[in-house]
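The values are calculated or read from the model by the stated rules, or taken from the named source; none is laboratory data. Here the structure is a predicted model, which means the values were calculated and not measured. Note that each Cβ is placed from the backbone with ideal geometry, even for glycine, and that neighbours are counted across all protein chains shown.
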Amino acid sequence: MKFSILLLFICLGFTACVQSVDLDLLLEEAGKNTNGGPSLPPGGPPIEDHSPELSWMDGTEEKPIPAGGSITISLSAATGFQSSTTLKVTNAEDFESNSIEWYVNSAHWLSGVEATVNTSTAPFNGKGEHHLRVEALYIGIPYDVIIIINVDD
């Protein structure tokens, strides 16, 4: 099966130029080594995941947050329940220095390797779900992980 794609270029003088490109040929050429070696495997090279790896404190026990997934951590402001936890980027050395940023509900919260979530202080002192995103740069590319912090009564 042959595929082709039409590319529209805006040329000087605002004249539109249309060029048909053979997509199969482009993909075939992209997979070839410049020294005439073998092509890349179908689908191209594997994409590596450089997401931040996190851990959290469940009472006094440090627990890993599963790679590639997000979890919900439930905290409670009620007496006798866990009301705070410390989150830590455990592979911080893999990222550019000073590039780890923490966001709560899309707003920048803090920078650094560790963050303490406490139900008695903003932004976690309101009941409900709070979306916490940790972002870090790896060779200039941002990678992130999302955690849901659920605050109960």
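The set of residues in the range 92-117 that are surrounded by fewer than 18 Cβ atoms within 10 Å (Cβ to Cβ) and touching a residue at least 40 places away in the same chain (Cβ under 8 Å) comprises A92, D94, E96. The range 55-125 holds strands (runs of 3 or more DSSP E) entirely within its bounds, and those carrying 1 or more residues that are out of contact with any Phe, Trp or Tyr (no Cβ under 6 Å at 6 or more places or on another chain) and of a type in the set (G, A, S) map to 72-76, 84-89, 107-111.
Restricting the range 132-152 to residues that are out of contact with any Ser or Thr (no Cβ under 7 Å at 6 or more places or on another chain) and within 19 Å of A77 (Cβ to Cβ), the residue that is modelled with the highest pLDDT is L132. Residue count for the range 64-91 under the criterion of being touching a residue at least 40 places away in the same chain (Cβ under 8 Å) and of a type in the set (S, T, Y): the result is 4.
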